[in-house]
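Chemist: Here it is: the structure, laid out below.
The values are calculated or read from the model by the stated rules, or taken from the named source; none is laboratory data. Treat the numbers as computed from the prediction; the structure is a model and nothing was measured. Glycine also receives a Cβ, built like all others from the backbone with ideal geometry; neighbour counts cover every protein chain displayed.
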Amino acid sequence: MTLSPQSVGVGLRHEHYYDAIDTPADIDFVEVHAENLFMQGGIVKDIMHKARHHYALSIHATSLGLGSVTAPSDHVLEQLKQLADEFSPELLSDHACFNRAYVHGKQIHTGDLLPLRYNTESLDILARHVDKAQVTLQRPLLIENLSIYIEQPSNSLSEFAFLARLSEKTGCKLLLDLNNILVNQYNRFIMAGEPFPAFDITMALDEIAPIKADMIGEIHLAGTTPAAPAKLMIDDHARTVSDSCWALYQAVIEAYGPAPTLIEWDQNLPAWETLVSLAQHAKSIQQQVLI
């Protein structure tokens, strides 16, 4: 299967496995998390092979930690390669983050996706590791912008100037997560101790302005549990796509054109039919813009 820029899909989580294969939906692709498929054999892989008959596939990883000072694990890369070879996904992605560091001479794994410093040193490290991953995997990677809850010091580049340079250096494309952009917009006000006025779509477009249309390989849409007053907003994928995220999506499509678009919902999952209807709404926005 191939994915057109107008393709829409949904995250396929275990609660919906049988819905997806028993009543195939009018969507183009599904996304699965790589680490859930690292086992040898098993019922989950069997279900994924059945789903593959109905949908194109996006495999989304969280374990490479490509921005870490140390190179990604050869073992994890090989697991991901075996998975990609087995399922031949149309899209394969991970994040612009680090998850390993040396503390008192010992390497630790953080168990989380932590933000990078946006400077040339971090860029060189990330680019080197993306290159290594793409050579090992023998296919291109999409790199996703991260939701952040701490501001790193020593940033000499904006986030999307950094990601644009990464794409130029490595040939990777970007997974543009629009909800993460909005979460970060909110959290920057909170971290600065300022009241948040409202989500600003123009500000979000200005933020991503350094990237070019042909760098965008996929778009994620999601919703988030509202934050308590003066508290950070957590990108928990536990609600329907927000009105602000839909508005930003339309603005991005108008500015850059369409790209394969995924509805991301990981907690407090709705009915399968609800996810499918959200994907169809994304398709309708594309059609309105492209008429």
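Chemist: Can you name every residue in region 266-275 that is part of a helix (DSSP H, G or I), under 22 Å from Leu248 (Cβ atoms) and not hydroxyl-bearing (Ser, Thr, Tyr)? Walk me through how you get there before you give the answer.
Modeler: Filtering region 266-275 down to residues part of a helix (DSSP H, G or I) leaves 272-275.
Within this subset, residues satisfying the condition of being under 22 Å from Leu248 (Cβ atoms) are 274-275.
Matches in region 266-275: Leu275 only.
Chemist: Is there a residue being surrounded by fewer than 13 Cβ atoms within 10 Å (Cβ to Cβ) and of a type in the set (Val, Ile, Thr) anywhere in region 168-176?
Modeler: Looking through region 168-176, none of the residues is surrounded by fewer than 13 Cβ atoms within 10 Å (Cβ to Cβ) and of a type in the set (Val, Ile, Thr).
Chemist: How do the helices (runs of 4 or more DSSP H) wholly within region 1-113 filter down when requiring 1 or more residues that are over 21 Å from Pro270 (Cα atoms) and either at pLDDT below 95 or not hydrophobic (A, V, I, L, M, F, W, C) (or both): which remain?
Modeler: Where helices (runs of 4 or more DSSP H) fall fully within region 1-113 and carry at least 1 residues being over 21 Å from Pro270 (Cα atoms) and either at pLDDT below 95 or not hydrophobic (A, V, I, L, M, F, W, C) (or both), they are 43-52, 74-87.
Chemist: Go through (1) more than 23 Å from Val30 (Cβ to Cβ); (2) assigned to a loop (DSSP other than H, G, I, E, B) one by one and return the number of the condition His237 breaks.
Modeler: Among (1) more than 23 Å from Val30 (Cβ to Cβ); (2) assigned to a loop (DSSP other than H, G, I, E, B), the lone unmet condition for His237 is (1).
Chemist: Asp214 passes all but one of (1) under 22 Å from His60 (Cα atoms); (2) surrounded by fewer than 21 Cβ atoms within 10 Å (Cβ to Cβ); (3) touching a strand residue (DSSP E or B) at 6+ places or on another chain (Cβ under 7 Å); which number fails?
Modeler: Unmet for Asp214, out of (1) under 22 Å from His60 (Cα atoms); (2) surrounded by fewer than 21 Cβ atoms within 10 Å (Cβ to Cβ); (3) touching a strand residue (DSSP E or B) at 6+ places or on another chain (Cβ under 7 Å): (3).
Chemist: So, one more: Pairs only if they're at least six apart or on different chains, beta carbon under 9 angstrom, first in region 8-24 and closer than 19 Å to Ala282 by Cβ, second basic (Lys, Arg); list them, first residue then second.
Modeler: Val8/Lys283; Ala20/Lys50
Chemist: Follow-up question, since we're still on this one. Please work out which one of (1) over 17 Å from the mean Cα position of the chain (by Cα); (2) surrounded by 14 or more Cβ atoms within 10 Å (Cβ to Cβ) is the condition Leu126 fails and give its number.
Modeler: Looking at each condition in turn, Leu126 falls short on (1).
Chemist: Considering every residue within region 5-27, establish whether at least one is out of contact with any helix residue (DSSP H, G or I) (no Cβ under 7 Å at 6 or more places or on another chain), small (Gly, Ala, Ser) and surrounded by fewer than 16 Cβ atoms within 10 Å (Cβ to Cβ).
Modeler: Looking through region 5-27, none of the residues is out of contact with any helix residue (DSSP H, G or I) (no Cβ under 7 Å at 6 or more places or on another chain), small (Gly, Ala, Ser) and surrounded by fewer than 16 Cβ atoms within 10 Å (Cβ to Cβ).
Chemist: Turning to a different aspect of this structure: So, of the residues in region 129-155 that are under 29 Å from Ala222 (Cα atoms) and among the hydroxyl-bearing types (Ser, Thr, Tyr), which turns out to be surrounded by the fewest Cβ atoms within 10 Å (Cβ to Cβ)?
Modeler: For region 129-155, the residue satisfying everything is Tyr149.
Chemist: Working only within region 227-271, note down all residues that are without any contact (Cβ under 8 Å) to a residue 40 or more places away in the chain, of a type in the set (S, T, N, Q) and on the phi < 0 side of the Ramachandran plot.
Modeler: Result: Thr240, Gln250, Gln267.
Chemist: Checking Gly257 against (1) out of contact with any Gly (no Cβ under 8 Å at 6 or more places or on another chain); (2) within 30 Å of Gly193 (Cα to Cα), which single condition isn't satisfied?
Modeler: Just one mismatch for Gly257, condition (2).
Chemist: Could you list all residues from region 145-176 that are on the phi > 0 side of the Ramachandran plot and assigned to a helix (DSSP H, G or I)? Before you say what the answer is, go through the steps one by one.
Modeler: At the first step, the residues of region 145-176 found to be on the phi > 0 side of the Ramachandran plot are 154, 171.
Across region 145-176, there are no qualifying residues.
Chemist: Search region 28-45 for residues being surrounded by 23 or more Cβ atoms within 10 Å (Cβ to Cβ) and of a type in the set (Val, Ile, Thr), and hand back the single one that is nearest to the chain's Cα centre (by Cα).
Modeler: Looking at the filtered set, the residue picked out is Val32.
Chemist: Scan region 46-72 residue by residue and report those that are free of Cβ contacts under 8 Å to residues at least 40 places away in the same chain, surrounded by 16 or more Cβ atoms within 10 Å (Cβ to Cβ) and of a type in the set (S, T, N, Q).
Modeler: Scanning region 46-72 gives a single hit, Ser63.
Chemist: Limited to region 50-71, what total is found for residues that are of a type in the set (Val, Ile, Thr) and either under 20 Å from Leu142 (Cβ atoms) or under 13 Å from the mean Cα position of the chain (by Cα) (or both)? Walk me through how you get there before you give the answer.
Modeler: From region 50-71, those of a type in the set (Val, Ile, Thr) are 59, 62, 69-70; that's our starting set.
Within this subset, residues satisfying the condition of being either under 20 Å from Leu142 (Cβ atoms) or under 13 Å from the mean Cα position of the chain (by Cα) (or both) are 59, 62.
The total comes to 2.
Chemist: Mind listing whichever residues of region 177-209 are more than 19 Å from the chain's Cα centre (by Cα) and not in a helix (DSSP H, G or I)? Full working, then the answer.
Modeler: Initially, region 177-209 is screened for residues more than 19 Å from the chain's Cα centre (by Cα), giving 188-203, 206.
Across region 177-209, the qualifying residues are Ala192, Gly193, Glu194, Pro195, Phe196, Pro197, Ala198, Phe199, Asp200.
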